[in-house]
1. Cβ-Cβ distance below 9 Å, separation of 6 or more or different chains: which pairs start in segment 316-329 with a residue that is in contact (Cβ under 8 Å) with a residue 60 or more places away in the chain and end on one that is surrounded by fewer than 16 Cβ atoms within 10 Å (Cβ to Cβ) and part of a helix (DSSP H, G or I)?
2. Output the qualifying pairs, or none if there are none: Cβ atoms under 7 angstrom, residues six or more apart or on different chains, first residue in segment 74-100 and free of Cβ contacts under 8 Å to residues at least 60 places away in the same chain and at positive phi, second residue assigned to a strand (DSSP E or B) and crowded, with 17+ Cβ neighbours inside 10 Å.
3. List the helices (runs of 4 or more DSSP H) that sit entirely inside segment 9-120 and contain at least 1 residues that are surrounded by 15 or more Cβ atoms within 10 Å (Cβ to Cβ) and at pLDDT below 90.
4. Pick from 203, 174: which is assigned to a helix (DSSP H, G or I), modelled with pLDDT of 90 or more and loosely packed, with under 15 Cβ neighbours inside 10 Å?
5. Being out of contact with any strand residue (DSSP E or B) (no Cβ under 6 Å at 6 or more places or on another chain) and within 26 Å of residue 164 (Cα to Cα) is the filter here; which residues of segment 100-133 pass it?
6. Could you name every one of the helices (runs of 4 or more DSSP H) located completely within segment 224-336 that has at least 2 residues being at pLDDT 95 or above and touching a strand residue (DSSP E or B) at 6+ places or on another chain (Cβ under 7 Å)?
7. Condition (residue is crowded, with 19+ Cβ neighbours inside 10 Å, in contact (Cβ under 8 Å) with a residue 24 or more places away in the chain and touching a helix residue (DSSP H, G or I) at 6+ places or on another chain (Cβ under 9 Å)) applied to segment 187-194: is it met by at least one residue?
8. Please go through (1) surrounded by 16 or more Cβ atoms within 10 Å (Cβ to Cβ); (2) under 19 Å from residue 223 (Cα atoms); (3) over 22 Å from the mean Cα position of the chain (by Cα) for residue 322 and return the number of the only condition it doesn't satisfy.
């Protein structure tokens with residue numbers, strides 16, 4: 001637990017949420033210029049579910065406004081799109097309309113527009129610190145992450161340093177070796193000349209630690225909000241431009257790409273950050289689960305008062321009744 005005596009100083013905290021609506025015809029057409037049907041099958045980073053949206057962002061933003069009212073601004077990063085959430089904010093938090101800003105990819109890719117368009121979340125995450133007007137202290141959220149209880153600034157930053165949530169893991173030798181064997185076999189039995197491995201949230205964090213010289217273990221974060229020190233990340237990328245530019249041209253998320261949040265965490269650790277905290281998050285993936293899966297998860301959230309965050313991954317692939325159950329639960333939490 002964090003020593004409360006170490007907590008001091010109020011700082012402006014912003015939230016950044018990358019978002020895409022893959023069902024939008026313009027976005028579909030743009031993706032199709034770089035894909036054909038075979039590509040979708042052999043490139044895991046191009047699967048449709050990675051771009052799906054069923055209005056989760058509405059709940060993500062409303063949960064921030066309700067449970068983290070100290071957040072100064074929320075930046076939604078998109079590719080010429082708009083989630084149209086103004087009506088919900090106007091009804092429930094009318095005083096916060098000016099706190100929300102849509103940021104186009106062109107803004108964060110200024111000077112690097114040769115890499116646009118991109119459909120690669122790893123690439124987009126790497127440039128979020130370039131948002132104009134962004135606080136030095138920002139929290140990165142995916143649009144499938146929600147707050148379900150009150151959050152304090154010190155849950156995310158202590159003495160201006162990000163609070164990291166996760167656990168130490170050994171270098172994943174066996175997993176990497178197993179994946180390479182699997183790739184070799186998959187390529188042999190496939191009709192395609194190339195076959196990419198599925199991008200791994202776990203391994204992308206190891207690639208990040210490895211860049212910074214970690215040899216035997218790494219700090220694995222989970223599906224929670226991720227606080228980031230913008231200046232620390234910016235200064236590192238300015239110093240190591242080769243790391244910043246690495247693989248920016250890859251259009252879809254790739255197995256070998258590093259994770260920018262994990263890079264930021266390992267930078268913090270390398271530079272003496274001692275602020276760690278329990279995960280305090282529950283992970284949902286309601287696809288092909290048993291009948292009571294969602295009810296049990298909701299019950300766990302209700303009974304465990306320490307849980308502040310939830311991640312609802314691949315909700316677009318869940319059964320309609322399960323989607324409705326989750327959204328009804330979120331409506332209750334947010335008093336909608």
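1. 316/48; 316/49; 317/49
2. Between residues of segment 74-100 that are free of Cβ contacts under 8 Å to residues at least 60 places away in the same chain and at positive phi and residues that are assigned to a strand (DSSP E or B) and crowded, with 17+ Cβ neighbours inside 10 Å, there is no close pair.
3. Details: elements: 25-32, 37-42, 56-67, 86-92, 105-108.
Here the list reads 25-32, 37-42.
4. Values: 203 fails: loosely packed, with under 15 Cβ neighbours inside 10 Å.
Step by step, each of 203, 174 is checked, and only 174 is assigned to a helix (DSSP H, G or I), modelled with pLDDT of 90 or more and loosely packed, with under 15 Cβ neighbours inside 10 Å.
5. Here is the first cut: in segment 100-133, the residues out of contact with any strand residue (DSSP E or B) (no Cβ under 6 Å at 6 or more places or on another chain) are 104-118, 121-123, 125-127, 129-130, 132-133.
Correct list: 108, 121, 122, 123, 125, 126, 127, 129, 130, 132, 133.
6. Numbers: elements: 230-239, 241-245, 260-270, 293-303, 320-333.
Passing ranges, in order: 260-270, 293-303.
7. No, every residue in segment 187-194 fails to be crowded, with 19+ Cβ neighbours inside 10 Å, in contact (Cβ under 8 Å) with a residue 24 or more places away in the chain and touching a helix residue (DSSP H, G or I) at 6+ places or on another chain (Cβ under 9 Å).
8. (2)
The values are calculated or read from the model by the stated rules, or taken from the named source; none is laboratory data. Source: prediction; values computed, not measured. Backbone-built Cβ (ideal geometry, glycine too); neighbour counts: all protein chains shown.
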